[in-house]
Amino acid sequence: MKAVAVNAFGTAPVLMDMARPVPDAEQVLVKLQASGLNPFDWRVGDGILKGKIPHLFPLILGVDGAGVVEAVGANVRRFKPGDRVVGQFLFGRAGQGSYADYAVIDQNAVLSRYPQTLPAALAAALPTAGITALQLSQRLDLKPGSTVLIVGATGGVGSFLTQLATMNELRVIATASGGAAERMRVLGAVKTLDYRSTPIDQWMGTHYPEGIDGLVDLVSDAAGFARNASFVKNGGVALSTVWSARAEELMARGIKGGNFEAKTTSADLDLLVRTAVAGELTIPVERQITLAQVPAALAENRAGGARGKTVVVL
Ligand SMILES: NC(=O)c1ccc[n+]([C@@H]2O[C@H](COP(=O)([O-])OP(=O)(O)OC[C@H]3O[C@@H](n4cnc5c(N)ncnc54)[C@H](OP(=O)(O)O)[C@@H]3O)[C@@H](O)[C@H]2O)c1
């Protein structure tokens, strides 16, 4: 089978031929139809999980994937051959990822069934960014009518979060550079700001001198997060997905939140699948690529500028 993998931490991912994996007693073998791209994928190649879990080399990258169960191990009860499944192909060890024609996954991993009415290319965009956005929207826990600034809103997490926060009747201010404003308005943002033409603090000082109720910052470093969080009012919430929050500083100002880490679950993925199938959530796939294009797409994602989700169609 074909797969995109790295031979060592920090080396460039390449398309290579590899043996089709064989499921152990607890695993499901999935014939993948689509894989979703996340910044986490190139971080795994860089070694972000080094020392935390075992790694199998060549390390097949890719976490999110959707496809059809081809075979199951002797102890598998949750799934059977022919099931359409979507999930996170990272459980206990790294390197058996979703940028491949086939992948094995533990039956207890984050894995859900999805109906035929949902194309695999949309399902594969859901797990990591969708669940993160869902849990961020829950952590915000703000009253309807509250205002929340999302920094990094145009990417995968932000495109889901803008919609989910809007569903919770929050008023979303979304950063949107380079002509992405209309797209963010369609997803629900009531205001957009192009941080490349006007610095966020300058724009906020002009438009929201009274402050805002919430901040979700998906990109800024510690100094940038502190600047953005300075607009959050006492009693509000400020969250960083990139470990830039200093919780004690927030606490001193009466602001809840801090650094956020998603705890992905199959129950949350089930909920997202149901919400998408019901037509209440747009899965923001902006680009479809082939497996051979993955190495270049990962390099582009590292450089920034993502719009919604990029999905690999197998
Ligand atoms: N902690 C967790 O549990 C968790 C879970 C999932 C993801 N994450 C992390 O959260 C971050 C976002 O994930 P993602 O999947 O949404 O990434 P993504 O799809 O690559 O999107 C990132 C977005 O940020 C925008 N951006 C970059 N620099 C910016 C800046 N200075 N100000 C405002 N916007 C900026 C980019 O577009 P422009 O540059 O064109 O504006 C892009 O749209 C990643 O670092 C990811 O690793 C953390």
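The values are calculated or read from the model by the stated rules, or taken from the named source; none is laboratory data. Since this is a predicted model, take the numbers as computed values, not measurements. In this analysis, Cβ positions are derived from the backbone assuming ideal geometry, glycine residues included, and neighbour counts consider all displayed protein chains. Quick note on the areas: whole protein, heavy atoms, side chains included, nothing else; ligands and nucleic acids left out. Shrake-Rupley method; radii C 1.70, N 1.55, O 1.52, S 1.80 Å.
Summary of values
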item	result
Surface per residue (accessible, 1.4 Å probe) for the chain, Å²	42
Mean shadow area of the stretch 47-184 over all directions, Cα convex hull, nm²	11.0
Solvent exposure, largest accessible area first (probe 1.4 Å, DNA, RNA and ligands not counted), of M18, M167, M251, M184	M251, M167, M18, M184
Beta bridges by DSSP in the stretch 7-121, antiparallel share as percent, to the nearest 5	90
H207 accessible area, 1.4 Å probe, all protein chains in place, Å² to nearest 10	90
Separation of the T198 and D221 label points, Cα + 7 Å toward Cβ, nm	2.5
Radius, Kirkwood style, for the chain when every pair of distinct Cα atoms is counted (Å)	19.9
Relative packing of peptides 58-67, 113-122 - highest average C-beta neighbours within 10 Å first	58-67, 113-122
Farthest toward positive dipole pole in the stretch 128-259 [+1 Lys/Arg, -1 Asp/Glu at C-beta], among V172, G156, I212	V172
Over 18 Å between alpha carbons, listed pairs K2/K31; K50/K309; K2/K52	K50/K309; K2/K52
Theoretical ellipticity at 222 nm over the chain - DSSP helices of four or more residues, -39500 (n - 2.57) apiece, nearest 500	-8000 deg cm²/dmol
Probe 1.4 Å, all protein chains present, accessible-area order of T162, T282, largest first	T282, T162
Compactness of the stretch 128-259 - radius of gyration and Dmax, Cα, Å	13.0, 38
Of all accessible heavy-atom area on the stretch 128-259, the percent that carbon and sulfur account for (1.4 Å)	50
